[in-house]
Amino acid sequence: DEAVGGHQPSAIRNKRSLHLEARIPFHEFEVESNGLFNRDLDVSLTDGAVRGLDDVTRRLRSCVRPTCLVDLRGLVVSYIAQTQGDDLAGTLKHIWVKVTVTSAEALFNMNDIRARQASLNSLVIGPISFSISYDNYLDLNSGRHNEFVDEVARYTGWELRKILRGSYLAALQETFADQ
């Protein structure tokens, strides 16, 4: 209980790959034209960053061996998106995209209760829900808006899970090894 409550943020802050932000790689996708007055929308998500891993995550209840449930709600992922094709002229635009985690839980499974030292041996991440907003300079009709938002959510969820199972889990394992 103490490791996740007290030592977790400092362990995350000590991980360069997580504090102040965890980086998300470049991603390209296309939203097809669905009308006479738009083209296929080409999107490049760049400068992706997850913020809040060091200060937003919190326990949902007391951690009792062998499990601990952690709330990931409030994590924020930001991108700069380069887009082209939301108008007939094919104007190149650079817009901001903000993704906020509205619902997500992670279950940490610690070692056998009979063991002397705590260690973290698995992480199960539940469904992740997002709220997504973007610069109103990007002009999409409802169908293209939904397709854009769905792809941003899909990609963000995939990358967030990779970070949580990678460097975030490694930082937590170090926390439990120090206990």
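Observations, loosely collected:
- For the range 68-82, a residue qualifies if it is over 17 Å from ALA153 (Cβ atoms) and crowded, with 21+ Cβ neighbours inside 10 Å, and the qualifying residues are CYS68, VAL70.
- ILE80 satisfies every condition listed in (1) in contact with an Asp or Glu (Cβ under 9 Å, 6 or more places away or on another chain); (2) in contact (Cβ under 8 Å) with a residue 40 or more places away in the chain except (2).
Residues are listed down the side, and each one gets a yes or a no for (1) part of a loop (DSSP other than H, G, I, E, B); (2) at pLDDT below 90; (3) within 12 Å of the chain's Cα centre (by Cα):
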{"residue": "ASP87", "(1), (2), (3)": "yes, yes, no"}
{"residue": "ALA106", "(1), (2), (3)": "no, yes, no"}
{"residue": "ARG114", "(1), (2), (3)": "yes, yes, no"}
{"residue": "GLN117", "(1), (2), (3)": "yes, yes, no"}
{"residue": "HIS145", "(1), (2), (3)": "no, no, no"}
{"residue": "VAL152", "(1), (2), (3)": "no, no, yes"}
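- LEU41 surrounded by 14 or more Cβ atoms within 10 Å (Cβ to Cβ) and of a type outside the set (Lys, Arg): yes
- Members of the range 122-138 found to be modelled with pLDDT under 95 and crowded, with 16+ Cβ neighbours inside 10 Å, listed by number: LEU123, ILE125, LEU138
The values are calculated or read from the model by the stated rules, or taken from the named source; none is laboratory data. Remember, it's a predicted structure, so these values are computed and weren't measured experimentally. Glycine gets a Cβ as well: all are built from the backbone with ideal geometry, and neighbour counts include every protein chain shown.
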